[in-house]
1. Pairs needed: first member in segment 120-139, under 28 Å from residue 182 (Cα atoms) and in contact (Cβ under 8 Å) with a residue 12 or more places away in the chain; second member anywhere, charged (D, E, K, R) and outside any loop (DSSP other than H, G, I, E, B); C-beta distance under 8 Å; at least 6 residues apart or different chains.
2. Any residue in segment 59-82 that is over 17 Å from the mean Cα position of the chain (by Cα), at pLDDT below 55 and assigned to a loop (DSSP other than H, G, I, E, B)?
3. Residues in segment 108-117: is at least one surrounded by 16 or more Cβ atoms within 10 Å (Cβ to Cβ), within 21 Å of residue 239 (Cα to Cα) and modelled with pLDDT of 75 or more?
4. Between 186, 175, which is surrounded by fewer than 21 Cβ atoms within 10 Å (Cβ to Cβ), within 22 Å of residue 65 (Cβ to Cβ) and at pLDDT 95 or above?
5. Quick one: count up the residues across segment 177-236 that are under 14 Å from the mean Cα position of the chain (by Cα), in a loop (DSSP other than H, G, I, E, B) and among the β-branched types (Val, Ile, Thr).
6. Specify the residue that is farthest from residue 190 (Cα to Cα); the eligible residues are those in segment 141-158 that are in contact with a Gly (Cβ under 9 Å, 6 or more places away or on another chain) and buried (at least 19 other Cβ atoms within 10 Å of the Cβ).
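The values are calculated or read from the model by the stated rules, or taken from the named source; none is laboratory data. In this text, all values refer to a predicted model and were calculated from it rather than measured experimentally. When we count neighbours, we look across all protein chains shown, and the Cβ atoms used for this are built from the backbone with ideal geometry, even at glycine.
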Amino acid sequence: MEARAAGSGAAGYDEALLHKTILVGDSGVGKTSLLVQFDQGKFIPGSFSATVGIGFTVMLLGDSGVGKTCFLLQFKDGAFLSGTFIATVGIDFRNKVVAVDGVKVKLQIWDTAGQERFRSVTHAYYRDAQALLLLYDITSKMSFDNIRAWLTEIHEYAQKDVVIMLLGNKADVSSERAVRTEDGASLAREYGVPFMETSAKTGMNVELAFLAIAKELKQRAVRLPDEPRFQIQDYIESQKKKSSCCAFA
């Protein structure tokens, strides 16, 4: 998993101190540059594109070691970083803009720590998330068995209409599979959430997961009362069939 906690080094991290700061002001006054200066300690010259008007917060959840950070980096940078990650401390985030039906949608993706000792920190962020990607490792039966506990937490702390997607990660390691695809699909049906297996290493279904979430959230934001609801699982299946010979195997 990952090594950076927003605004704090791992050694000096105090989970009792949790604050949020929001930058507001007219477009062009330098909010993004100010944030980059704080985050990276430098000023990047040149013109920033104005922050996208339609945006949503997506949270990655699941046990430590299921591949949340690698999953996020595969989507953000299109790369898999091999080797051992230091477990995420508290919470970290990345931004990415995607095109949905010709509309630019900004996703702020929060990568959360899976360890129990950081749960009080991540709980504080649940309420602000519009979508939750809940991951387990198909080679770890324990990570799958813990999904019910994660769903209980979600229903306790998250928005009632939050979009939830269940993902069985590390599908590329089929020789070490400990959780059948059918079991993941069955659990997803039980809770009424979309499901698919993914691989942060090969990129299988990673982009599709985020695009499906972005499409669902965008449709919710602009849908007229008499319009039919977007069926996210139907969209996922249609995209997988359409691309079955390529990336979304």
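1. Listed by first residue and then by second, the contacts come to 131/216; 135/68; 138/197; 139/176.
2. The answer is no, given that none of the residues of segment 59-82 is over 17 Å from the mean Cα position of the chain (by Cα), at pLDDT below 55 and assigned to a loop (DSSP other than H, G, I, E, B).
3. No, segment 108-117 has no match at all.
4. 175
5. 1
6. Among residues in segment 141-158 that are in contact with a Gly (Cβ under 9 Å, 6 or more places away or on another chain) and buried (at least 19 other Cβ atoms within 10 Å of the Cβ), the one farthest from residue 190 (Cα to Cα) is 143.
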